Each structure stands twice: as structure tokens, then as C-alpha cells.
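Please treat every number below as a calculation from the coordinates, not as lab data. On a predicted model such as this, the values are computed, not experimentally measured, just so you know. Every residue, glycine as well, gets a Cβ built from its backbone with ideal geometry; the counts of neighbours run over all protein chains shown.
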Amino acid sequence: MIGKEAKEKGMASIDEVYNILNDRKKSSKPLTYEQQVTIEYAEKFKMGIKEYNKIEKKLRDLNMLSDYSIIKILEIMPKNLMMLRQIVTREKETFTDEQLSQVLNVINNKG
């Protein structure tokens, strides 16, 4: 994609990236090097769309996190409070350990 402009910009989950690139791979044009590396990465770390949507909905229901943080949490799937705290440092507010534990419970219980 070097030297080309993006048609639109926005946040996308690993699953969405994988689906977009997989559809593009099936078209007549071959993937660029960057797209090929990205689809290989996404293939390793994607989770099922149903599971992703279930966890995403529960995280949104907590009404604590921005879209950016929710997507990053779903990409990284932090295992402890320290990792989660690093992800949510971009948020405007600070979270208590109890609030972050709620988020971890949602992740660890897979929704």
C-alpha cells in the first residue's frame, strides 16, 4: 500500500481485517506484500466473530471504555491488571482495580 491513499479510515478488529483481506485475496488482484503479512498475522490471532461480538457487547455494556480501548482489549486479551491498565491509559478517567477486574472477568469468562 506504499504510496496509495486510504479510501476510508477507522478502527477495525483483527477479525474484520482478516475478513476484508480474505475477500480481497479471492478477487482477481493479488495481495500486496503488506497485505499478505497482515493477513498472516490476523490469521494467527483472530477469534471467532460470534465470540468477539459477545465480548465486545459485554465490554460496551460496562459503559466505561472508548471504542479504541475496547478494540485494543479484544486484540491483546490482557491476562492481568497490569496489562489492562497499560491499554486503558488513553482513557480520560482513571479506573479502580475493581473496575478493571470487571473488565478482566468479562475477558476471562469469554463474555
Open item on the list: Can you match Rg/Rh (Cα atoms, Kirkwood Rh) to one of these, (1) 0.92; (2) 1.04; (3) 1.15, based on a calculation from the structure here?
Closed with: (2)
Task: Helix-only mean residue ellipticity at 222 nm for the chain, each DSSP H run of n ≥ 4 adding -39500 (n - 2.57), per residue, nearest 500 - done: -18500 deg cm²/dmol
Open item on the list: Based only on other Cβ atoms within 10 Å, what is the fewest-to-most ordering of ARG90, ARG24?
Closed with: ARG90, ARG24
Task: the chain - charge dipole about Cα centre, Lys and Arg +1 at Cβ, Asp and Glu -1, debye rounded to 20 - done: 300
- [ ] Rounded to the nearest 10 degrees, what's the angle between the helix 49-61 long axis and the longest principal axis of the chain, both from Cα atoms, 0 to 90?
- [x] 40
- [ ] Could you list, in their original order, any pairs among LYS29/LYS54; LYS7/LYS58; LYS29/LYS50; LYS29/LYS72; LYS26/LYS54; LYS50/LYS79 whose Cα atoms are separated by more than 25 Å?
- [x] LYS29/LYS54; LYS7/LYS58; LYS29/LYS50; LYS29/LYS72; LYS26/LYS54
- [ ] Output the relative contact order of the chain, whole-number percent, from Cα pairs under 8 angstrom with separation of 6+ residues.
- [x] 27
